Amino acid sequence: MQKCPFCNSIIDRQAAMAAAEVQDKANQSYSDASYTKTAAVAMWVFLGISFIPFIPLVAWAFVATFFVVLIMLIRWQVKFGGLKTADPDYVKAKRSRNIAALLWLLAIPGLIVKALVEVLVSGS
């Protein structure tokens with residue numbers, strides 16, 4: 001398109017393509033951050049269920065999601081951390097990323113508590 005169909009102003013092809021690329025990255029950042037936050041919540045669910053002694057494999061699911069969330073956080077930061085956009089969805093994406101990072105950091109003491117509970121229960 002050379003002209004806007006609504007106002008007949010000339011469209012700069014390079015600027016339009018650059019804006020579309022930034023918007024695409026902003027949309028992808030929101031999607032990836034949402035997945036990361038969901039994985040962080042699942043990690044905590046696995047940790048909670050792992051306290052039930054009859055379901056031992058869930059502890060391994062917690063460990064797996066612990067490392068997956070870490071990798072997803074690093075990947076998000078490398079890929080989208082420096083994105084310059086005024087898109088409000090990008091602000092939401094950063095908030096979701098921060099929530100996932102906080103949940104991940106809080107999982108470290110959670111893992112320590114789980115290990116202590118296992119030692120106390122097996123020592124009885």
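The values are calculated or read from the model by the stated rules, or taken from the named source; none is laboratory data. Nothing here was measured: the structure is a model prediction, and the numbers come from that model. Here the Cβ positions follow ideal geometry from the backbone for every residue, glycine too, while neighbour counts run over all protein chains shown. For the accessible areas, the whole protein counts, side chains as well, though only heavy atoms, and no ligand, DNA or RNA atoms are used. Shrake-Rupley method; radii C 1.70, N 1.55, O 1.52, S 1.80 Å.
Among the listed pairs Lys3/Lys79; Lys37/Lys79; Lys94/Lys114; Lys25/Lys94, which are separated by more than 23 Å between their Cα atoms? In this structure, Lys3/Lys79; Lys94/Lys114 lie more than 23 Å apart at Cα. With the simple spin-label model, which puts each label point 7 Å out from Cα in the Cβ direction, the Leu105 to Val121 separation comes to 2.9 nm. Per-residue 3J(HN,Hα) values for the range 3-20, derived from phi via the Karplus relation 6.51 cos²θ - 1.76 cosθ + 1.60 with θ = phi - 60°, read 10, 5, x, 9, 10, 6, 7, 6, 9, 7, 4, 5, 5, 5, 5, 5, 5, 5 Hz in sequence order (x marks Gly and Pro). Between (1) 1.18; (2) 1.39; (3) 1.56, which matches Cα Rg over 2.2 N^0.38 Å calculated for the structure shown? Given (1) 1.18; (2) 1.39; (3) 1.56, the calculated one carries the label (3). Selection among Ile71, Pro5, Ala26 by position relative to the dipole of the chain gives Pro5 as farthest towards the positive end (Cβ unit charges, Cα centre).
Taking the full set of protein chains and a 1.4 angstrom probe, give the accessible area of Ser122 in square angstrom, rounded to the nearest 10. Accessible area, nearest 10 Å²: 90 Å². In the context of the full protein assembly, Leu116 retains an accessible surface of approximately 100 Å², using a probe radius of 1.4 Å and ignoring ligands and nucleic acids.
When the chymotrypsin sites (Phe, Trp or Tyr not before Pro) in the range 22-100 are filtered for DSSP coil states and for at most 10 other beta-carbon atoms within 10 Å of their beta-carbon, the remaining sites are Phe54.
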